[in-house]
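First comes the structure, then the notes that go with it.
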Amino acid sequence: MRRDQPTHLPQSCITPEPVYRRRRELLQLLGLGAAALAAGCGSEAAAPQAAAPEAKLPDKSLAVASHVDDANGEAQTTYADATHYNNFYEFGTNKSDPAAHSARFVAHPWSVEIAGLAEKTGRFTLEDILKGQALEERVYRMRCVEAWSMVIPWAGFPLADLLKRFKPLASAKYVAFTTVERPAQMPGLAYPILDWPYREGLRIDEAMHSLTLLAVGMYGRELPNQNGAPLRLVVPWKYGFKGIKSIVKIEFVERQPRTTWNLMAADEYGFYANVNPAVDHPRWSQKTERRIAGTGFNLFGNRIETLPFNGYAEQVAHLYAGMDLRKNF
Amino acid sequence: MLFRDRIAATKPLVFALCLLPFAHLVWDAMHGTLGPDPVAQLEHRSGDWALRLLLATLAITPLRKLTGWHKLIRFRRMLGLFAFFYVSVHLLIYLFVDLGGYWADIFEQIAKKPYITVGFAAWLLLIPLALTSTQAMMRRLGRNWQRLHRVAYLIALLGVLHYFWLVKADHREPALYLCTWIVLMLARLRVRSRPADEPRRVAARLKI
């Protein structure tokens, strides 16, 4: 993979077809609305037909400075699927819940607290965080611990770029992340299914790795609420639950932080959670995965082999040299 | 008259109702309307209906006692066979649509993964029940028929466990199925403790 020489592509080359289709549908809806108005029946009561109850998907195009395909040219998951099949338990535990129940979530304005073992700490607005930061588009495989996977074009910047700005101390061995906790906007928080707020963590060298991304967008748009707006982590060689969403706190710490799924079931979800086909989840196999790409017609042949470190072994395996990955799963 | 009685006339309707979820599934699969993960949808929906029909079958006896409508028993075999049908569809989808080219992995999964083990066991145990569901087999097995078919309670429990063990964190839905099973089991025990209600005599009167 050519991390050093990104290919420059115009936006239109990377916007998948369903996005265009969706835009067309939107235009059609607008057209219908106009027709209704013209017919004199465009009252507020008639309008909800057109307005979907789910969160409006962002249409603002993000400007990205570069594009790198870190997924070997594998077919991308459609935008519709990547935004309607999500694990974001704060909005409900069904895969369709985040899209259906995140409309009330307010992602702007946003601020992030930087805390712990660093020279510079404090509360920073999203604008502060993004200031002077060129956005890159990176296409990564995303492997869920539930043995399905997607290929997603993220827009963001290396987490390392941000962390370095705060000058972490030598004693900072780990980075801990926290998701926002807003019961009024996140109906899933009403149930104590997980120990809220959602927390995740990385070892500092993992956090500083060039593949580790802080994403603010996907498919050339801002992140939709259901995908972790406005700021989320993407660590492509780890199971998806490490990719913490809607981050409000980043803390430099000395000891390995407690993480949500690990607290829930330590024998099932390790701190490292590196994608590893050789180490099964106690309840299901991790040898293969079902790739979610293409359309619903595509019922057969979606199962593929899972690769060590999700196919990123060349770039990241050295981080774990000498470690027993069966124990440190 | 086309049908022997009202029950016989209702049977095709119940049959069609039982087939409806399957038809809906096939329709959605053919039209690509199963959502982002169509395979998971096929599995979840066939599994849900398998469980519902298993529990519905078990609910027949308590319902008869509760309502006094003894003729309900004439729907039991159909519901039971449909439960077997949906469990089989569920298994076939897992094997040939989900695992697909990796179908041979199922042996390892059965051996190693408890939720697959109990699910597969439930399907295996259903086979003898389906095979002995005919009137001729009922007559041939006599008293043993009922003993054999009490395994249905175990099968339903295995089905519920199968669901329980595959869920990651949110156990509300499998818990609902488990509660239903427990209620049916308690109802069953109450029914059995009343000797006056001898099901076999009732069955004999109804000529089934």
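The values are calculated or read from the model by the stated rules, or taken from the named source; none is laboratory data. Computed from a prediction, not measured in an experiment: that's the story for all the values here. Heads up, the Cβs are rebuilt from the backbone with ideal geometry, glycines too, and the neighbour counts pull from every protein chain shown.
Below, the figures for the structure above:
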| quantity | calculated |
| --- | --- |
| Any hit, the stretch B:124-141, residues being buried (at least 16 other Cβ atoms within 10 Å of the Cβ), more than 14 Å from chain A (Cβ to nearest Cβ) and over 25 Å from B:Phe22 (Cβ atoms) | yes |
| Any hit, the stretch B:12-32, residues being small (Gly, Ala, Ser) and under 23 Å from B:Val183 (Cβ atoms) | no |
| Hits in the stretch A:89-113 (condition: of a type in the set (A, V, I, L, M, F, W, C), crowded, with 22+ Cβ neighbours inside 10 Å and farther than 12 Å from A:Pro224 by Cα) | A:Phe91, A:Val112 |
| Residue within the stretch A:254-268 that is within 14 Å of chain B (Cβ to nearest Cβ), surrounded by fewer than 19 Cβ atoms within 10 Å (Cβ to Cβ) and β-branched (Val, Ile, Thr) present | no |
| Per-region count, the stretch A:293-314, residues more than 14 Å from chain B (Cβ to nearest Cβ) and either under 20 Å from the mean Cα position of the chain (by Cα) or in a loop (DSSP other than H, G, I, E, B) (or both) | 5 |
| Residue, farthest from A:Asn87 (Cα to Cα), within the stretch B:34-77, restricted to residues that are outside any helix (DSSP H, G or I) and within 14 Å of another protein chain (Cβ to nearest Cβ) | B:Leu34 |
| Within the stretch B:21-33, considering residues that are at the interface with chain A (Cβ under 9 Å from one of its Cβ atoms) and within 21 Å of B:Phe85 (Cα to Cα), the one farthest from the chain's Cα centre (by Cα) | B:Met30 |
| Enumeration of residues in the stretch B:93-115 that are touching a helix residue (DSSP H, G or I) at 6+ places or on another chain (Cβ under 8 Å), assigned to a helix (DSSP H, G or I) and more than 8 Å from every other protein chain (Cβ to nearest Cβ) | B:Ile93, B:Tyr94, B:Leu95, B:Ile106, B:Ile110, B:Ala111 |
| Single unsatisfied condition, A:Arg290 versus (1) within 23 Å of A:Ala82 (Cα to Cα); (2) of a type in the set (Lys, Arg); (3) not in a strand (DSSP E or B) | (3) |
| Count of residues meeting criterion [at pLDDT 95 or above and either surrounded by fewer than 17 Cβ atoms within 10 Å (Cβ to Cβ) or part of a loop (DSSP other than H, G, I, E, B) (or both)] in the stretch A:131-146 | 4 |
| Whichever residue in the stretch B:78-92 is in contact (Cβ under 8 Å) with a residue 24 or more places away in the chain and surrounded by fewer than 19 Cβ atoms within 10 Å (Cβ to Cβ) and, among such residues, is farthest from the other protein chains (Cβ to nearest Cβ) | B:Met78 |
| Considering residues of the stretch A:160-181 that are in contact (Cβ under 8 Å) with a residue 60 or more places away in the chain and over 19 Å from the mean Cα position of the chain (by Cα) only, the residue nearest to the other protein chains (Cβ to nearest Cβ) | A:Tyr174 |
| Every residue from the stretch A:144-159 that is more than 14 Å from chain B (Cβ to nearest Cβ) and under 16 Å from A:Ile244 (Cα atoms) | A:Trp154, A:Ala155, A:Gly156, A:Phe157, A:Pro158, A:Leu159 |
| Wholly enclosed strands (runs of 3 or more DSSP E) of the stretch A:180-257 bearing at least 3 residues closer than 26 Å to A:Thr78 by Cβ and either in contact with an Asp or Glu (Cβ under 9 Å, 6 or more places away or on another chain) or not charged (D, E, K, R) (or both) | A:213-218 |
| Residues being surrounded by 11 or more Cβ atoms within 10 Å (Cβ to Cβ), over 22 Å from the mean Cα position of the chain (by Cα) and not in a helix (DSSP H, G or I) - total across the stretch A:315-329 | 3 |
| Matching residues, the stretch A:83-132, being touching a Lys or Arg at 6+ places or on another chain (Cβ under 9 Å), among the acidic types (Asp, Glu) and more than 27 Å from A:Glu54 (Cβ to Cβ) | A:Glu113, A:Glu119 |
